[in-house]
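Worksheet for the structure shown next.
The values are calculated or read from the model by the stated rules, or taken from the named source; none is laboratory data. Given the structure is predicted, the values throughout are model-derived calculations rather than measurements. Cβ sites come from the backbone with ideal geometry, for glycine too, and all protein chains shown count toward neighbours.
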Amino acid sequence: MKSTITILLGVSALLAGCGPKLAPGLVGDPMRGKIAAAQYACHSCHVVPGVPGSDVRVGRPLDELAQQRYIAGKLPNTQANLVRWIRDPQAIDPGNAMPNMGVSERDAIDISAYLLSH
Ligand code: HEC
């Protein structure tokens, strides 16, 4: 039992050490955001960093989002605006090809934390 706990602690320390690090000034859990991005299948339209085999370019690649000034050419690139975009792109740019995907607020925060930490 004790050794199981030791192993678990060791594995989680290892994961924490290797996982994406939250960039300064951001909130959320980037490791969880990476998983959420895969679950919502963002990579069915975007190149998403860390999601192997994502090579679809319906939307722009998201691997250098942190360096961009604007999100979708519409919103100044802040974490709050990125959360807005991920949750409701149709309100910001009606008729664009990214659908509203019912992303929860928490998932959107974590996904934004992940994308902006690259
Ligand atoms: C059906 C295809 C599709 C899916 C699925 C999709 N997107 Fe998009 N996304 C787009 C398109 C198309 C644009 C470009 C809109 C524009 O620039 O006006 C876009 C734009 C974006 C942008 C702005 C990119 C930039 O360079 O400014 C972000 C960020 C983004 N999407 C994140 C996501 C996330 C996160 C998910 C998963 C929750 C997701 N997208 C799912 C099609 C999609």
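When the range 72-83 is filtered for residues that are surrounded by 14 or more Cβ atoms within 10 Å (Cβ to Cβ) and over 15 Å from TYR114 (Cα atoms), the ones remaining, listed by number, are ALA72, LEU75.
Residue-by-condition table, conditions (1) among the aliphatic types (A, V, I, L, M); (2) assigned to a helix (DSSP H, G or I); (3) at pLDDT 95 or above:
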{"position": "LEU14", "(1), (2), (3)": "yes, yes, no"}
{"position": "LEU26", "(1), (2), (3)": "yes, no, yes"}
{"position": "GLY33", "(1), (2), (3)": "no, yes, yes"}
{"position": "VAL47", "(1), (2), (3)": "yes, no, yes"}
{"position": "VAL83", "(1), (2), (3)": "yes, yes, yes"}
{"position": "ILE86", "(1), (2), (3)": "yes, yes, yes"}
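I need a count of the residues in the range 32-50 that are of a type in the set (A, V, I, L, M), more than 8 Å from the ligand (Cβ to nearest atom) and closer than 13 Å to ASP107 by Cα. Selection size over the range 32-50: 2. Scanning for something within 6 Å of the ligand (Cβ to nearest atom) and touching a Cys at 6+ places or on another chain (Cβ under 8 Å), does the range 61-80 turn up at least one residue? Yes, the conditions are met somewhere in the range 61-80. The residues in the range 90-113 that are touching a residue at least 24 places away in the same chain (Cβ under 8 Å) and either within 9 Å of the ligand (Cβ to nearest atom) or not in a helix (DSSP H, G or I) (or both) can be counted, and the count is 9.
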